[in-house]
1. Quick one: which residues, 5 or more positions from residue 27 or on another chain, have an amide H under 5 Å from its amide H? H modelled 1.01 Å from N in the peptide plane, none for Pro or chain starts.
2. For region 8-55, how big is the tail of P(r) above 14 Å, as a whole percent of Cα pairs?
3. For residue 35 and residue 88, what does the FRET efficiency come to when R0 = 41 Å and r is the distance between their Cβ atoms, rounded to the nearest 0.05?
4. Could you calculate the FRET efficiency of residue 102 with residue 59 from 1/(1 + (r/R0)^6), where r is the beta carbon distance between them and R0 is 35 Å, rounded to 0.05?
5. Given 0.36 nm per residue, what is the gain on full extension from residue 112 to residue 20 after removing their alpha carbon distance, in nm?
Amino acid sequence: MNPGCLVETAAVAKAFGDQAAALGIEDIYSGARLTLTLNSPLRDSRTPDIILQPELGVLWTPQDSTAPEAHGGMLDEETHVALLVSGSQLTGRYDPTYVPTTQLGPLLLRALGMEKFDLQALHLKHSPALPGIF
């Protein structure tokens with residue numbers, strides 16, 4: 001990415017910020033703030049330069065779209081979800097431990113008697129299973 005792209009990204013982020021209320025934008029992630037949770041777009045072409053977080057209940061769709069599509073967001077209401085794990089070998093308990101969704105894959109694989117190396121991404125990321133289950 002050339003240095004001019006950084007200036008353009010900042011200008012586009014500012015333009016979105018200036019229209020945030022009219023567009024239903026709750027938050028804008030770009031630049032250094034974006035790299036706090038994602039790979040830098042300067043080093044990873046899969047990372048977008050800007051992420052727009054809509055206000056809760058706002059859904060952006062093309063004008064010619066017949067059905068809205070939602071792909072999730074970064075609000076607490078979209079990322080904090082309840083998880084119920086059930087099994088005859090488990091005893092009831094409440095555990096408020098933070099669990100990223102990346103830990104669900106290893107849990108499911110272990111429940112099926114498979115190891116995490118059966119999925120390359122889990123092996124590469126060293127994702128642990130849920131704490132206290134196995």
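1. 53
2. On the way: 540 of 1128 pairs.
Every Cα pair in region 8-55 considered, those over 14 Å come to 48 percent.
3. Values: r = 45 Å, r/R0 = 1.09.
Calculated value: 0.40.
4. Numbers: r = 26 Å, r/R0 = 0.74.
That pair, residue 102 with residue 59, gives E of 0.85.
5. Details: separation 92, 0.36 × 92 = 33.12 nm, distance 4.62 nm.
Extra length from residue 112 to residue 20 when fully extended: 28.5 nm.
Coordinate-derived values only; no laboratory data. Computed from a predicted model, the values in this text were never measured in an experiment. Glycine also receives a Cβ, built like all others from the backbone with ideal geometry; neighbour counts cover every protein chain displayed.
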